[in-house]
């Protein structure tokens, strides 16, 4: 169940979000609110796997680093700020289940639309600086992240995921205390959270209290079985599942979001159609976005905004002409690796992860 007054707090702090039907507190951003280069905190989606851990973070909060390190250490918040360089990274945070409602047939898990995503400025210290200060052992291959949130039944941790050591040591991976230049809100992991650009939101551990350096892949809660994993070969609906073929999702796929026109927009024949939106990829840079108004028979290459941070979303825009035959506007992006969003449905998987089908907005031409 939710901690005291948590639903009421969410409605007060984020009145426009849509609560999902779940024991844990989860809320989605309506797409019309995702029009800014930086998603406002009051419009940013909320994802939880279990109980919120407290009403307010304890004043005595500290971060422990242990496991396969030479010098296990404990850092207070002030020690982190005073000891290491403060850095800021702009990056997209996207739930692995974003777009799950678009799979047919339906899959397990919360039926997120496309609003389990946002882009923010994250401020903190580099995880690699903190780990290096503790002396990483040669056998280290993974980090395990720990926090005090519990499963709904109280039986154990709600989630404890980690990162391959090379991702933990990447310059963009942070231990963050601020979002959009203000201290983290409780909903977003105050007082500390992991920021792992390109990785699914499950790897961005909230309420971070411990980093355990591992000599093997982390095996914490939600790291095993089919949790946050994709099959490495096609799986048909209803087929018995073999966990051995499922691999950890390490990077989110290329994706787009049309921010204008809105769903079911009424377009006057003869008028221009100004199409805007954002594109992003867990692999990094966006190189192209194409837009179609005729079900993909022809495409127009959109103009991209100047590239900012590698893991921020990149704005795009183009202008089409409404000729009366449109039923939808479709946008699909390509990233620097050459990956392109699929038309129609993304490859089906039994947990409904990584739905990056080209974004489609239905429209209604009028005369």
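The values are calculated or read from the model by the stated rules, or taken from the named source; none is laboratory data. What you see is a predicted model; the values in this text were computed from it and never measured. Neighbour counts are summed over all protein chains in view; Cβ atoms, including those assigned to glycine, are modelled from backbone coordinates with ideal geometry.
Looking across 134, 95, one residue alone is surrounded by 18 or more Cβ atoms within 10 Å (Cβ to Cβ), touching a residue at least 12 places away in the same chain (Cβ under 8 Å) and farther than 24 Å from residue 66 by Cα. It is 95. In the set (1) out of contact with any helix residue (DSSP H, G or I) (no Cβ under 6 Å at 6 or more places or on another chain); (2) touching a residue at least 12 places away in the same chain (Cβ under 8 Å); (3) over 22 Å from residue 248 (Cα atoms), residue 179 fails one condition alone, (1). Among the numbered conditions (1) touching a helix residue (DSSP H, G or I) at 6+ places or on another chain (Cβ under 8 Å); (2) closer than 21 Å to residue 263 by Cβ; (3) touching a residue at least 40 places away in the same chain (Cβ under 8 Å), the only one that residue 13 does not meet is (2). Looking at segment 191-212, can you tell me whether even one residue there is surrounded by fewer than 21 Cβ atoms within 10 Å (Cβ to Cβ), at positive phi and in contact (Cβ under 8 Å) with a residue 60 or more places away in the chain? Checked against the condition, which is being surrounded by fewer than 21 Cβ atoms within 10 Å (Cβ to Cβ), at positive phi and in contact (Cβ under 8 Å) with a residue 60 or more places away in the chain, segment 191-212 yields no hits at all. Out of 263, 303, 317, one residue alone is in the same structural domain as residue 342 (by TED's automatic domain parsing) and touching a helix residue (DSSP H, G or I) at 6+ places or on another chain (Cβ under 8 Å). It is 263. Residues considered: 234, 253, 240. Of these, the only one that is outside any strand (DSSP E or B) and at pLDDT 95 or above is 253. For segment 15-30, the set of residues classified as surrounded by fewer than 21 Cβ atoms within 10 Å (Cβ to Cβ) and under 18 Å from the mean Cα position of the chain (by Cα) consists of 18, 19, 20, 24, 30, listed by residue number.
I'd like to know if segment 143-163 contains one or more residues that are farther than 26 Å from residue 108 by Cβ and surrounded by fewer than 22 Cβ atoms within 10 Å (Cβ to Cβ). The answer is yes, given that some residue of segment 143-163 is farther than 26 Å from residue 108 by Cβ and surrounded by fewer than 22 Cβ atoms within 10 Å (Cβ to Cβ). If you go through segment 31-71 and pick out every residue that is within 16 Å of residue 213 (Cα to Cα) and surrounded by fewer than 14 Cβ atoms within 10 Å (Cβ to Cβ), you end up with 2.
For segment 270-293, what are the residues that are assigned to a loop (DSSP other than H, G, I, E, B) and either closer than 16 Å to residue 326 by Cβ or in the same structural domain as residue 204 (by TED's automatic domain parsing) (or both)?
270, 271, 293
In this structure, does residue 126 turn out to be without any contact (Cβ under 8 Å) to a residue 60 or more places away in the chain and closer than 21 Å to residue 183 by Cα? Yes: the conditions hold for residue 126.
If we scan segment 216-231, do we find a residue that is in contact with a helix residue (DSSP H, G or I) (Cβ under 6 Å, 6 or more places away or on another chain), surrounded by 15 or more Cβ atoms within 10 Å (Cβ to Cβ), touching a residue at least 24 places away in the same chain (Cβ under 8 Å) and not in a loop (DSSP other than H, G, I, E, B)? For segment 216-231, residues in contact with a helix residue (DSSP H, G or I) (Cβ under 6 Å, 6 or more places away or on another chain), surrounded by 15 or more Cβ atoms within 10 Å (Cβ to Cβ), touching a residue at least 24 places away in the same chain (Cβ under 8 Å) and not in a loop (DSSP other than H, G, I, E, B): present. Only one entry in 290, 274 is at negative phi and crowded, with 18+ Cβ neighbours inside 10 Å, namely 290. Taken together, the residues in segment 232-249 that are closer than 14 Å to residue 107 by Cα and either surrounded by 10 or more Cβ atoms within 10 Å (Cβ to Cβ) or in the same structural domain as residue 349 (by TED's automatic domain parsing) (or both) amount to 4.
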